[in-house]
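Nothing in this text is a laboratory measurement; each read-out follows from the coordinates by a stated rule. Every value quoted in this text rests on a predicted model; they were computed, and no experiment measured them. Every residue, glycine as well, gets a Cβ built from its backbone with ideal geometry; the counts of neighbours run over all protein chains shown.
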Amino acid sequence: MFGNALLITKYFIFISFIRLFFDENDLFVCKCLFCSVIIDVVVLLGYLNKAKIIVMEKSSRKYLVQLSFEEIRLPPFEDILVLGKKSPQGKIGLSRSFELMVPNEFEVFELEHNVIEAVFINKRLLKKMDKDRIIAFLDKKVFPFVSECEILRVDFKIKILYDTIEEEM
């Protein structure tokens with residue numbers, strides 16, 4: 001028991017020594033060292049007396065942030081936009097927006113369809129395939145999944161392949 005008192009006395013002499021040699025600018029360091037020494041003494045006494053001591057720390061907030069980003073292009077689609085009859089944006093408003101953002105890049109086709117009002121097709125696709133063939137393909141593969149109230153972006157890639165090319169020279 002006498003050894004414990006000696007150890008505690010050494011800690012308090014150490015704390016007094018710190019206070020003598022640290023000025024007010026180092027007050028934060030002094031407080032941190034003081035708290036560390038007090039926690040050591042309390043833990044030491046707790047182990048020696050076989051008592052359970054819980055040291056409370058200030059609760060701190062933790063933030064978990066997940067971040068991702070990518071480049072976008074305007075308009076936010078490149079190939080085809082399918083416009084439902086009751087979509088929030090109308091055909092005329094979207095046409096004007098596209099003309100401001102990307103002039104002469106899309107062509108608008110009004111459709112006689114029970115769900116679809118119009119289809120915006122990029123002109124570079126129309127150079128590779130005619131509009132009737134594109135719209136027929138969309139009618140079979142895309143239009144059955146479109147509701148009246150939505151605007152659907154369609155990625156439509158065309159790849160032209162030739163099997164054999166024979167030319168006379």
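Figures for the structure shown
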| item | result |
| --- | --- |
| Sorted by Cβ neighbour density within 10 Å, fewest at the top, the residues ILE151, ILE92, ILE80, ILE165 | ILE165, ILE92, ILE151, ILE80 |
| Stretchable slack from GLU150 to GLU167, in nm (0.36 nm times residue separation minus alpha-carbon distance) | 1.2 nm |
| All Cα pairs of segment 119-169, percent lying beyond 17 Å | 48 |
| Global size of segment 77-169 as Cα Rg and Dmax, reported in angstrom | 15.4, 58 |
| LEU64/MET129 FRET efficiency (R0 45 Å; Cβ-Cβ; nearest 0.05) | 0.40 |
| Net charge over other residues, Cβ less than 15 angstrom from the Cβ of LYS91 (K, R count +1; D, E count -1) | -4 |
| Over 26 Å (Cα to Cα) - which of LYS123/LYS159; LYS85/LYS159; LYS86/LYS127; LYS91/LYS159; LYS85/LYS128 fall in this group | LYS85/LYS159; LYS86/LYS127; LYS91/LYS159; LYS85/LYS128 |
| 10 Å beta-carbon shell around ILE80, net charge (K/R +1, D/E -1) | -2 |
